[in-house]
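S.K.: Right, I'll just put the structure down here and ask away after.
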Amino acid sequence: MMMICSSGGSTRGSANLPNKHPCTTLSSKSLQSSQFSSLHFFSTTSLPCLRITSSPKLTTDSLKVAASAKPSPLRVIIAGAPASGKGTQCQLITQKYGLVHIAAGDLLRAEVAEGSENGKQAKEYMEKGLLVPDDIVVMMVRDRLSQPDSQQNGWLLDGYPRSSSQATALKKFGFHPNVFILLEVSDDIVVERVVGRRLDPVTGKIYHLKYSPPETEEIAARLTQRFDDTVDRVKLRLRTHRQNVDAVLSMYEDITIKVNGNVSKEDVFAQINNALTKLLD
């Protein structure tokens, strides 16, 4: 604690001065107010002394922390039918907002390849041609969402959950999205996008006969169509998608944003970007 007193011409004189005025105690918080922005001390016995104390609750470091505080990172779930453009939008979202992209299918394959405990259990079912049980998949997703990068940067959960039980499990583990983005594309457009896709078996590149045709006739001659890119298969996948979405929407009804996916990828992202920007305001 520091004490500042007005005094006469000498130290000895000030020591014998009667205490005519009580000392005024000022904290550092008080000194920051406008009325104490400038203090002047005069050599006169008519002014009281000033006792200045520091407040432990207000420090330079605490002010810096308050000034640099950031909003909570985004937590996003995105869903869409096959060929809805979901993959493209995930790339644009992660590039703009720095979110960790977590696709359940990719995560499952990575865990199996890595030979993790969850991966070993999943592999047993996959080798038998069976669906991997929800409890195994949700543990993989939970572990990935718990990683430091997901917690610090926020996450974009792609195509998961696909059932009410999966959504309930996420909630149980404490993962609550800010927004559920649903890309809505008409069936006719989905069928056109899927049926027109072709695979180059040499490079692995995906082409589309209408929207992104092969560069040369040589490439065009070797293109193949994947077995599940037929009209019958895509219609089956659309029915499955609707069942999954209907089961999940009730869990996220109050945070769902439906996006028109029939337009260009730029226009689709503009809709998504507008929604995410509002969440950060």
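S.K.: In the structure displayed, which of K258/K278; K86/K205; K96/K171 lie more than 24 Å apart, Cα to Cα? Walk me through the intermediate numbers first.
M.R.: Values: K258/K278 15 Å; K86/K205 18 Å; K96/K171 27 Å.
The answer is K96/K171.
S.K.: I want the local charge near Q166. Using Cβ-Cβ distances under 12 Å, sum +1 for each Lys or Arg and -1 for each Asp or Glu among the other residues.
M.R.: Working: positive: R142, R162, K171, K172; negative: D134, D135.
With Lys, Arg at +1 and Asp, Glu at -1, the net is +2.
S.K.: How high is the FRET efficiency between D200 and R142 when r is their beta carbon distance and R₀ equals 25 Å, given to the nearest 0.05?
M.R.: Details: r = 37 Å, r/R0 = 1.49.
Computed FRET efficiency for D200 and R142 comes out at 0.10.
S.K.: For the stretch 75-280, give me the percentage of DSSP beta bridges that are antiparallel, rounded to the nearest 5 percent. List each step's numbers first, then the result.
M.R.: On the way: 5 of 23 bridges.
In the stretch 75-280, DSSP labels about 20 percent of beta bridges as antiparallel.
S.K.: Enumerate the aspartates and glutamates that K120 could reach by cross-link, defined here as Cα to Cα under 16 Å, with residues fewer than 8 away along the same chain left out.
M.R.: D106, E111, D134, D135, D143
S.K.: Can you compute the modelled spin-label distance between E184 and R237, with each label point 7 Å from Cα toward Cβ, in nm?
M.R.: Those two pseudo-labels are separated by 2.2 nm.
All of the numbers you see were taken from the coordinates with simple rules; none came from a lab. Note that the coordinates shown come from a computational prediction; the quantities given were computed from them, not determined experimentally. Note that each Cβ is placed from the backbone with ideal geometry, even for glycine, and that neighbours are counted across all protein chains shown.
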